[in-house]
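For reference, the structure discussed in these notes is given below.
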Amino acid sequence: MELDRRLILNGIVATGLVGLPASTSLASRALASDDGEAGLPTQRAIALVNDAAEQSTFLQGIAATPQGTTVEIIRADFSVDFVQKLNRLLRSRPPVHIIGLVDDGTGAFVVQMARATGARLPWLAQHAARGGKPSHYVMNAGSPDLASQSSFADAQSWPAALGSMLALFGGGHATAALSGVPRTGSPPLTGTFVSFLIEP
């Protein structure tokens, strides 16, 4: 990742994520063992994707969740149309949950907009995929290391595992979903990416 983008993301973390208790961590909710009690929220959900992430297994992971809710897919870019749409979503009532996997530059922009409106970021992570070996840096306090999860260590399946996990932000059924993530002929992602869950 370029130095300026890394500094932007680190600044976002310093101002918006430091001090988040582990109980609010998306990963601790979605990657925990199934307790049979939690259900998916009824709020509208939006998924932001772009470029290579759009062609990866990320969206298939969202679709594969056992208790999936309707998720609207929006392509993220720097166009005026997208900026206006994202601004409306961040300020909409009732609020919407926004999940996504985008390149690091777009991710920094989206996260900055979210913080500017006072939105919460229960999940924010960087992902680097080069040479067939993905690495993950989760920026939430109290979140587990994704590299320890077998689905996230695999170059082919980690985007689907991530999509499944983010789509299950309100439930406790992620373990089953991650083990059932489909494998397809989509080429492995290459580059640096940001994933997020935004709660206005």
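The values are calculated or read from the model by the stated rules, or taken from the named source; none is laboratory data. All values reported here derive from a predicted model rather than from experimental measurement. All Cβ positions, even for glycine, are placed from backbone atoms using ideal geometry, and neighbour counts span all protein chains on display.
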Inset, instruction - Among the strands (runs of 3 or more DSSP E) lying completely within segment 74-168, list those that include at least 2 residues that are at negative phi and over 12 Å from the mean Cα position of the chain (by Cα). - result: 120-130, 133-138
Inset, instruction - Starting from residues that are at pLDDT 95 or above and among the small types (Gly, Ala, Ser), keep the ones in segment 49-94 and report whichever is farthest from Thr192 (Cα to Cα). - result: Ser79
Legend entry - Single residue of Ala45, Ala108 found to be at pLDDT 95 or above and crowded, with 16+ Cβ neighbours inside 10 Å: Ala108
